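The values are calculated or read from the model by the stated rules, or taken from the named source; none is laboratory data. Quick caveat, the model's predicted, so the values are computed rather than measured. Neighbour counts run over all protein chains shown; Cβ positions are idealised from the backbone, glycine included.
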Amino acid sequence: MRTQQMQTREETDPRDGWTRRLAAGLLALAPLVTYSSTAVAETDRDAQATTSRPSDEDIAAAVGRRLAGSFGENGGGLSAHADEGVVTLEGTASNLAIARRAVDLAETVRGVRAVVSQVSVSPESSADDATVVRNIRRAWLFDPATELLKLEASVNAGVARLTGSVGSHAEKHLAEEVVASIDGVVDIDNQIEVAYDERRTDREIHEELIGRLRSSVWIDPERVSVEVNDGDVTLKGEVESAAARRRAYHLAWIAGVQNVNHDQLEVAGTRRDDAQRPGRHPFPPDEAVERSLQAALQQDPRVDTSSVKVSVRNGTATLRGTVPTLQNKRAATRDARNTRGVWVVRNRLRVAPNARANDEDVGAQVNEALARDPFVNADFVRAAVIGGVAHLQGRVENEFDRRQAEKVTGSVRGVVEVLNELVVDTSWQDVDDSSMAQRLHDELWWSPHIYSKTIDLKVIDGAVVLDGKVESEFERRQVLRTIEDFGVRKIEDRLSVDRAP
């Protein structure tokens, strides 16, 4: 039955037309580079990158390749052009979350200073506003991180207006993130108020914010300064990417902050030399890392820290205790990996739901969540829950979809573990191993957070094999995330982290 379904999909897949031709054309235009320390082509381009920003034409082409490699039938109509490093995205997406992911992808391309989205959203369904409101409320209710928040939503012509009161900017942002994936939502007017428990002095805000920026692997603390005046925060300096710039903006919204201005926070126009790279700065002692990680966990609305204990030794962060949901456990891992000074994460948290759930009911909620997610084609993904363990089977188009299905499943209350048996089907890609390897080499160069020239990448029968060294766990994850989006069948990660200063 599964084979018959996949054949039907291939016969009707729109990517057999415009999108596949676009991807093939972009691949043919991509510069062919070798990602190794002895490559003359890359050495020349590295020398150029340390003196000037890539041209707008090259930036637009790189963003176009990233979009074509990451999106299937839902994103085939998106395009990009650049003007002095500012990328404008145009086209139509079937879901607001897809349009926002296009922005995320563009922000991770070297040379992009900012992204302006002119992507319109045209939902696939014809759900009326009342139905969309019900779906928003249901999504909030079934997400463990938002189920207790006092939120309201109204929808007019697809524009969702969110109201209510929460205790942090992170909760406000999370509530919007959940709504963005709802089919029928074309835009969001987030009017949720943040009610702080107490008023804080500018000095208190400044000290906490400096510590928060210093603890983030995304930010070079030596190149960013902070000013606070009556609760208004101004960020100045330089970051590695548009993605890091946005990350700094959200990090700045701590308790007591009334406004954040990051207009004077610029994206580096050239590639850093070896001495300036963030990975070469000395890392803080274990005690400081432990405090930073504890603070990050407490500020994350997806983590219940009431029974979580943190210890850091020689850069290895160990998490112990119990959490009520798998979402809590995975969010804690993510927070640890994003903390400067953490090299290895050992997550020994045990998922212990507050109440025993019926497997059949949990399975139904998982399948409903998968059907609601815009990135997962639920026609080819099946979930069954046995003893709280969710088993995922079926086929997806790339590693991002596979990872997304696992993320969605893990967010359902009652799921204590996910066994992801989804198979990445790359048959829709008419690209041989050699061409795919050349393309991935190029994409690694275009990532502003990947520096190492000692990465050896090979593609064998659609599977990627990675060897060599990187400077940090953060860089290693950037390598994996860059590759996962491009329709590879499997990734064998043999990269090692060189911790030498």
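Given the options 99, 139, name the one that is within 30 Å of residue 449 (Cα to Cα) and outside any strand (DSSP E or B).
Among 99, 139, only 99 is within 30 Å of residue 449 (Cα to Cα) and outside any strand (DSSP E or B).
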*Which condition number does residue 302 fail, the rest of (1) buried (at least 17 other Cβ atoms within 10 Å of the Cβ); (2) assigned to a strand (DSSP E or B) being met?*
(2)
_Residues located in segment 181-203, provided they are of a type outside the set (Val, Ile, Thr), surrounded by 15 or more Cβ atoms within 10 Å (Cβ to Cβ) and under 19 Å from residue 256 (Cβ atoms)_ = 196, 200, 202
*Among the residues of segment 332-370, write down those that are closer than 27 Å to residue 401 by Cβ and in contact with an Asp or Glu (Cβ under 6 Å, 6 or more places away or on another chain).*
335
*Can you spot a residue in segment 367-382 that is in a strand (DSSP E or B), touching a strand residue (DSSP E or B) at 6+ places or on another chain (Cβ under 7 Å) and surrounded by fewer than 16 Cβ atoms within 10 Å (Cβ to Cβ)?*
no
*asked:* Please go through segment 384-404 and give me each residue that is touching a Leu at 6+ places or on another chain (Cβ under 6 Å), within 13 Å of residue 489 (Cα to Cα) and outside any helix (DSSP H, G or I), ordered by number.
replied: 396
*asked:* Checking the structure you have, find out if any residue of segment 187-208 is of a type in the set (Asp, Glu) and closer than 30 Å to residue 405 by Cα.
replied: yes
_Matching option when the condition is outside the structural domain of residue 375 (by TED's automatic domain parsing), out of contact with any Cys (no Cβ under 9 Å at 6 or more places or on another chain) and in a loop (DSSP other than H, G, I, E, B), among 69, 64, 77, 91_ = 77
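Keeping to segment 377-428, report how many residues are among the polar types (S, T, N, Q), closer than 20 Å to residue 139 by Cβ and modelled with pLDDT under 95.
3
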*What are the pairs, 6+ residues apart or on separate chains, where a residue within segment 473-493 that is closer than 19 Å to residue 376 by Cβ and in contact (Cβ under 8 Å) with a residue 60 or more places away in the chain has its Cβ under 6 Å from a residue that is part of a helix (DSSP H, G or I) and not basic (Lys, Arg)?*
484/399; 484/400; 485/69; 485/70; 485/400; 486/69
*Could you please find all residues in segment 68-89 being at pLDDT 90 or above and either among the β-branched types (Val, Ile, Thr) or within 21 Å of the chain's Cα centre (by Cα) (or both)?*
78, 79, 80, 86, 87, 88, 89
*Could you please let me know if residue 213 is in contact with a helix residue (DSSP H, G or I) (Cβ under 9 Å, 6 or more places away or on another chain) and within 15 Å of residue 339 (Cβ to Cβ)?*
yes
*State all residues of segment 405-436 that are part of a helix (DSSP H, G or I) and touching a residue at least 24 places away in the same chain (Cβ under 8 Å); if no residue qualifies, say none.*
405, 407, 408, 409, 410, 433, 434, 435, 436
*Quick one: in segment 340-366, which of the residues that are touching a strand residue (DSSP E or B) at 6+ places or on another chain (Cβ under 6 Å) and surrounded by fewer than 18 Cβ atoms within 10 Å (Cβ to Cβ) is farthest from residue 310 (Cα to Cα)?*
359
*Please enumerate the residues belonging to segment 123-147 that are hydroxyl-bearing (Ser, Thr, Tyr) and either free of Cβ contacts under 8 Å to residues at least 24 places away in the same chain or loosely packed, with under 13 Cβ neighbours inside 10 Å (or both).*
125, 126
*Go through (1) in contact (Cβ under 8 Å) with a residue 40 or more places away in the chain; (2) outside any loop (DSSP other than H, G, I, E, B) one by one and return the number of the condition residue 321 breaks.*
(1)
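Can residue 164 be described as in contact (Cβ under 8 Å) with a residue 12 or more places away in the chain and at positive phi?
yes
When you check residue 373 against the structure, is it in contact (Cβ under 8 Å) with a residue 40 or more places away in the chain and within 29 Å of residue 100 (Cα to Cα), yes or no?
yes
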*Do we find a residue being without any contact (Cβ under 8 Å) to a residue 60 or more places away in the chain, out of contact with any Leu (no Cβ under 8 Å at 6 or more places or on another chain), outside any helix (DSSP H, G or I) and over 18 Å from residue 327 (Cβ atoms) anywhere in segment 444-456?*
yes
*Pick from segment 261-299, criterion surrounded by fewer than 19 Cβ atoms within 10 Å (Cβ to Cβ) and of a type in the set (A, V, I, L, M, F, W, C), ranking: modelled with the lowest pLDDT*: 275
*Return yes or no: is residue 465 touching a Lys or Arg at 6+ places or on another chain (Cβ under 9 Å) and either free of Cβ contacts under 8 Å to residues at least 40 places away in the same chain or outside any helix (DSSP H, G or I) (or both)?*
yes
